[in-house]
Amino acid sequence: MAEEKKESGALIYEENKKPQGVTLKHVSKIYLDPKTHRRFYAVKDSNIEIQPGEFVTLLGPSGCGKTTTLRMIAGFESPDIGDVYIGDTRVNDLTPNQRDTAMVFQSYALMPQYNVFDNVAYGLKLRKKRDEKTNALRPLTKVEIHEKVMAMLSLVQLDGMEERMTNQLSGGQQQRVALARALILNPSVLLFDEPLSNLDAKLRVSMRTEIRQIQQKVGITAIYVTHDQSEAMALSDRIIVMNKGFISQIGTPKEIYYHPQNEFVADFIGEVNFLPAKVTEVKDETKSVTVDCGGMSFDLANPGGFEVGQDAKIVLRPEAVHLVDQGKLPCEVILSTFMGSYQLYHIKCNGVLVKISEYNPHGKKIYQVGDHAYLDFALEDCHILPHHDPVKVETLYIDDEPTKKASFFDRFKKKK
């Protein structure tokens, strides 16, 4: 990590810095439940390695630990176990303003008494830079600050709005100001805490595109928190899916979507169908398994760990299934709805509800409620999972029994 420390009462502003990676090694965070007085893991044994310049999203439902993880990287929370690194520097003991990071908050956190220019310039006025000739620290000049602020406003498409007050801006414009204020400090790592959650759906889509384009143009390392799956898929180089404090899977959007490692990930990312099946043969030489599904037998790629006779589930996305007059599995249509770009079907197949999204239905046969048909799908679109999800999905308490309410002093001693 480029050196950034307190000197003469201000952080050093550095230009032409390289982005830094972020590493979490066996990081855990423990909280006390105020109702049960039991301690539980908000984050449990997280091991994450984010490469310099990478855009990584922490994705999961409320209470999964994603925001706690982000706050530990930022310095607003301290890990109870494990270490956080920015570049090669362990930052556990550094305060937020001593870390080479900047955060874009969900609430924007703009200063209403300042106009756009002063909001963006605020951080620069608190920093000093090293003079090239004397090597001494000095404040940035008004000319330097003005040039950097105007260039940043141009980058986030706010040209000509520098004199406006923040209450005169739309939600999307306020978000751009918050992004500019963070980027202008030239941090090694940029952090986002659900920055688009206050925007309407259409604006969210356009803003996430802008954020991704700016991140790629600047080349900065970005860590983004959201519970919106489509947002994570559109923005990320890699996605970290979290559940109840655990990391369920880390992978590219395609890996997460097409090859989920457990039922939680498969069900959380988009729509999904689970077809019950049984493993009838394991073929090590072809790295495949033969399964029986509704009386039909076919071979699927084997991700490993399956045994003959084991119950399993076949993951099948709605857009990968088609209704045909003759196919693999017989079924009955129980819902048929025109959705514009696709025809939505709900069908019953061996007592299991299956959802189908038949895209571009114009000119295709439309099946009606009560029609009998068959499911058809490519075996390459199927992914097999164990019947029982091996990933823990319950809150993990570190006490077997509830403890008496601890005083502040007792909790402080435990933390020490």
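The values are calculated or read from the model by the stated rules, or taken from the named source; none is laboratory data. Since this is a predicted model, take the numbers as computed values, not measurements. No Cβ is skipped: glycine too gets one built from the backbone with ideal geometry, and neighbour counts run over all protein chains shown. Surface accessibility is based on the protein's heavy atoms, side chains included, excluding ligands, DNA and RNA. Shrake-Rupley method; radii C 1.70, N 1.55, O 1.52, S 1.80 Å.
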Test result for P79, at pLDDT 95 or above and not in a helix (DSSP H, G or I):
yes
Matching residues in region 151-184 (part of a loop (DSSP other than H, G, I, E, B) and either surrounded by 17 or more Cβ atoms within 10 Å (Cβ to Cβ) or more than 30 Å from the chain's Cα centre (by Cα) (or both)) number 10
Limited to region 347-374, what total is found for residues that are open to solvent by less than 30 Å² (accessible area, probe 1.4 Å), more than 15 Å from E332 (Cα to Cα) and not hydroxyl-bearing (S, T, Y)?
2
Within the set of pairs 6+ apart or on separate chains, which have a first residue in region 368-382 that is under 29 Å from S288 (Cα atoms), a second that is part of a loop (DSSP other than H, G, I, E, B) and polar (S, T, N, Q), and C-beta atoms under 8 Å apart?
Y374/Q326
Assess whether K148 counts as being crowded, with 16+ Cβ neighbours inside 10 Å and part of a strand (DSSP E or B).
no
Within region 326-336, residues modelled with pLDDT under 95 and open to solvent by 20 Å² or more (accessible area, probe 1.4 Å) come out as Q326, G327, K328, P330
What pairs come up if the first residue lies in region 170-181 and is farther than 11 Å from Q106 by Cα and free of Cβ contacts under 8 Å to residues at least 24 places away in the same chain, the second is open to solvent by less than 10 Å² (accessible area, probe 1.4 Å) and of a type in the set (A, V, I, L, M, F, W, C), and their beta carbons are under 7 Å apart, counting only those six or more places apart or on different chains?
Q173/L158
Where residues in region 20-43 are open to solvent by 20 Å² or more (accessible area, probe 1.4 Å) and under 15 Å from I73 (Cα atoms), which of them is modelled with the lowest pLDDT?
Q20
Anything in region 248-270 that is under 17 Å from Q51 (Cβ atoms) and either free of Cβ contacts under 8 Å to residues at least 60 places away in the same chain or surrounded by 22 or more Cβ atoms within 10 Å (Cβ to Cβ) (or both)? List them, or say none.
G251, T252, P253, E255
Can you tell me which residue in region 84-115 is nearest to the chain's Cα centre (by Cα), limited to those that are β-branched (V, I, T) and in a strand (DSSP E or B)?
V104
Regarding Y122, is this residue part of a loop (DSSP other than H, G, I, E, B) and touching a residue at least 12 places away in the same chain (Cβ under 8 Å)?
no
Whichever residue in region 294-315 is more than 22 Å from V265 (Cα to Cα) and without any contact (Cβ under 8 Å) to a residue 60 or more places away in the chain and, among such residues, is most open to solvent (accessible area, probe 1.4 Å):
E307
Test: E77 is free of Cβ contacts under 8 Å to residues at least 60 places away in the same chain and within 30 Å of F268 (Cβ to Cβ)
yes
Taking interchain pairs and intrachain pairs at least six residues apart, which have beta carbon atoms under 6 angstrom, with the first residue in region 271-284 and surrounded by fewer than 18 Cβ atoms within 10 Å (Cβ to Cβ) and the second of a type in the set (D, E)?
K278/D292; K278/D311; T280/D292
Check region 50-64 and report whether any residue there is acidic (D, E), in contact with a Ser or Thr (Cβ under 8 Å, 6 or more places away or on another chain) and surrounded by fewer than 16 Cβ atoms within 10 Å (Cβ to Cβ).
no
With respect to S46, determine if the residue is open to solvent by 30 Å² or more (accessible area, probe 1.4 Å), in contact (Cβ under 8 Å) with a residue 60 or more places away in the chain and either assigned to a loop (DSSP other than H, G, I, E, B) or not basic (K, R) (or both).
no
Among the residues of region 188-204, is any closer than 30 Å to L11 by Cβ, surrounded by fewer than 20 Cβ atoms within 10 Å (Cβ to Cβ) and without any contact (Cβ under 8 Å) to a residue 24 or more places away in the chain?
no
